[in-house]
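> Take a look at the following structure, please.
Quick note: the coordinates plus some simple rules give every number you see, no bench work behind them. Predicted model only: the values in this text are computed from it and were never measured. As a convention, Cβ positions derive from the backbone with ideal geometry for all residues, glycine included, and neighbour counts pool all protein chains shown.
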Amino acid sequence: MTLMSVQNLGISLRRREVFKGISFEIQEGEFVGLIGPNGAGKTSLMRAILGLLPHDGSSSLAAMSPRQRARTVAWMPQSREIAWPVSVERIVALGRLPHLATGQRMPLADQVRVDAAIERLGLEAYRQRAASRLSGGEQARALIARSLAQDTPVLMASNGF
C-alpha cells in the first residue's frame, strides 16, 4: 500500500531554487532516511511534502485535509520548544486530537494509547510535570511520545530527534 506519493516537487525560498523535480513513493513498511549536509533543504523538503511550504508539483500528504493528514502522519520538527506549562500527559494526549470529534472527551481506548506512549518513553515519573520545565532531552521524549500516541502510519522527523 502506498503511504506517500510525491511527483515533480520543487520549492524556491527567497527567490532561490532549493530543489526541483523530486518524485518518489513510500510503501507501507518502508523506512526512509534523508541524508545531506546542513542547509541542503532536507527539512524544507519534508515541510513541502506536508504542505507547510508553498511548492510546485504534488504531494499526496499536502493534498489531504488537515485532519486526514494528522491521522496519516506525525511530524516532529527540528525545533521543539514547549513554551506553555501543560503537563506531559496533556502534551502526549494532543496526539489523539485528530482521532476525536470536536469537543469530544477522550475515550478509554485513546487514554490507553496515551498511557502506553508515556510508558514506552519512560515518562511515568514526569506525567504531571509541566512540559515547559523539562530539559531539552525530556521535552524531546515527550514529543516523541505524542507522535507515538498519534498512531499514524507515517512518522516524519527532522534532525535533532
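> Filter segment 39-86 for residues that are in contact (Cβ under 8 Å) with a residue 60 or more places away in the chain and of a type in the set (Val, Ile, Thr) and give the result.
Thr43, Ile49, Thr72, Val73, Ile82 - these are the residues of segment 39-86 that are in contact (Cβ under 8 Å) with a residue 60 or more places away in the chain and of a type in the set (Val, Ile, Thr).
> Which one is surrounded by the most Cβ atoms within 10 Å (Cβ to Cβ), of the residues in segment 85-139 that are among the basic types (Lys, Arg) and part of a helix (DSSP H, G or I)?
Applying the filter and picking the extreme gives Arg96.
> Please work out which residue is nearest to the chain's Cα centre (by Cα), limiting yourself to segment 1-51 and to residues that are assigned to a loop (DSSP other than H, G, I, E, B) and more than 15 Å from Ser158 (Cβ to Cβ).
Gly51
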